[in-house]
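Single-structure report; data block below.
The values are calculated or read from the model by the stated rules, or taken from the named source; none is laboratory data. Small disclaimer: the values here were computed from a predicted structure and weren't measured. Note: ideal-geometry Cβ built from the backbone for every residue, glycine included; neighbour counts use all protein chains shown. Accessible surface is based on the protein model in full, side chains and every heavy atom, while ligands, DNA and RNA are left aside. Shrake-Rupley method; radii C 1.70, N 1.55, O 1.52, S 1.80 Å.
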Amino acid sequence: MNATQTSPNEQAALWNGRAGRAWIDGQATLDRMFIRFEDLLADTVRATSARRVLDVGCGTGSTTLAAVRAAGAQGNCLGVDISEPMVAVARTRAAQQGATARFIAADVQTHAFEPASFDLVISRFGVMFFGDPVAAFANLRRAASANARLQVIAWRSAAENPYMTAAERAAAPLLPNLPVRQPGAPGQFAFADRDRVASILQESGWGEIDIQPIDVACTYPEKDLVGYFTRLGAVGQVLEDMDEATRRRVIGTVRAAFDPFVHGDEVRFTAACWMIAATATPPPCPASAP
């Protein structure tokens, strides 16, 4: 995943370039790594009996496809992502599975969704990259029907996610040009501050806000570890431009930093996240004139 903090225009370029390609290449590993989050969101679809579902930051489509399975034969699920390459993969996956899920490449902040067209808005790690999060969530509020549910998952702080920062911490002494995180800027940990997230939702028109910490056990095969950190995140981005000798030195150093997370043939870690819920409550009626 993208571990850097960048401007909105850089985000678009990143996800339509290196980061998008890296996620496509790592699709199988990432889907396995984050399957429990996918299950949590599918459970929400079933619990709410939602039929019109919007998946924000759908990537290569795994959560959208899970949502349409959970919604059943009457389900109408739309995945949206800023990355054209990832959306293309999602469409291919849907066609291969015979799924009715639809996908569009668009910027959630500005896309003209049909008003009141979704009963449920979900996201697995897709809402932390907005240049203007208030504008994005206000646009989602307009797309939501009355009393529609918002259920999204975002990372808590970098300090609470040592696995997610292991590569850059280990590589930093060897890579002086490694991007530096800017707190609050678009990026993986942009929603670390619970109060800030609540304020964003309140300002964008959502009500009944509930933000709860969740700690989720994640696993994937150890054989995929080197491919994971050499392609994804800040280290993966920088390694593409390194000479071979430096690349080998960095890979050896970073791989050793992951030893605490390796258990036999598996990588195991705990993902510290927020489960963010809200409701598209109708605005209050204006007071009657005396």
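One table, with the values for the structure above:
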| read-out | value |
| --- | --- |
| Filter result (assigned to a helix (DSSP H, G or I) and surrounded by fewer than 15 Cβ atoms within 10 Å (Cβ to Cβ)) within region 254-263 | ALA256, ASP259, PRO260 |
| Lone unmet requirement of (1) open to solvent by 20 Å² or more (accessible area, probe 1.4 Å); (2) of a type in the set (S, T, N, Q); (3) touching a residue at least 12 places away in the same chain (Cβ under 8 Å); (4) touching an Asp or Glu at 6+ places or on another chain (Cβ under 9 Å) for SER62 | (1) |
| Output for region 210-250, where each listed residue is under 17 Å from the mean Cα position of the chain (by Cα) and among the hydroxyl-bearing types (Ser, Thr, Tyr) | TYR228 |
| Search result, residues across region 129-142 that are surrounded by fewer than 23 Cβ atoms within 10 Å (Cβ to Cβ) and of a type in the set (A, V, I, L, M) | VAL134, ALA135, ALA136, ALA138 |
| Out of GLN188, GLN182, sole residue that is touching a strand residue (DSSP E or B) at 6+ places or on another chain (Cβ under 6 Å) and at pLDDT below 90 | GLN182 |
| ALA190 outside any helix (DSSP H, G or I), touching a helix residue (DSSP H, G or I) at 6+ places or on another chain (Cβ under 9 Å) and more than 19 Å from PHE129 (Cα to Cα) | no |
| Residue among GLN182, GLN202, GLN151, GLN188 that alone is under 18 Å from TRP274 (Cα atoms), exposed (fewer than 15 other Cβ atoms within 10 Å of the Cβ) and within 22 Å of the chain's Cα centre (by Cα) | GLN202 |
| Residues being under 19 Å from the mean Cα position of the chain (by Cα), in a helix (DSSP H, G or I), of a type in the set (A, V, I, L, M, F, W, C) and farther than 14 Å from GLU38 by Cβ - total across region 61-104 | 4 |
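Matching residues to (1) of a type in the set (Lys, Arg); (2) at pLDDT 95 or above; (3) over 27 Å from ILE35 (Cβ atoms); (4) open to solvent by 40 Å² or more (accessible area, probe 1.4 Å):
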{"position": "TRP206", "(1), (2), (3), (4)": "no, yes, yes, no"}
{"position": "ILE211", "(1), (2), (3), (4)": "no, yes, no, no"}
{"position": "PRO221", "(1), (2), (3), (4)": "no, yes, no, no"}
{"position": "PHE229", "(1), (2), (3), (4)": "no, no, no, no"}
{"position": "LEU232", "(1), (2), (3), (4)": "no, no, no, no"}
{"position": "GLU240", "(1), (2), (3), (4)": "no, no, yes, yes"}
{"position": "ALA245", "(1), (2), (3), (4)": "no, no, yes, yes"}
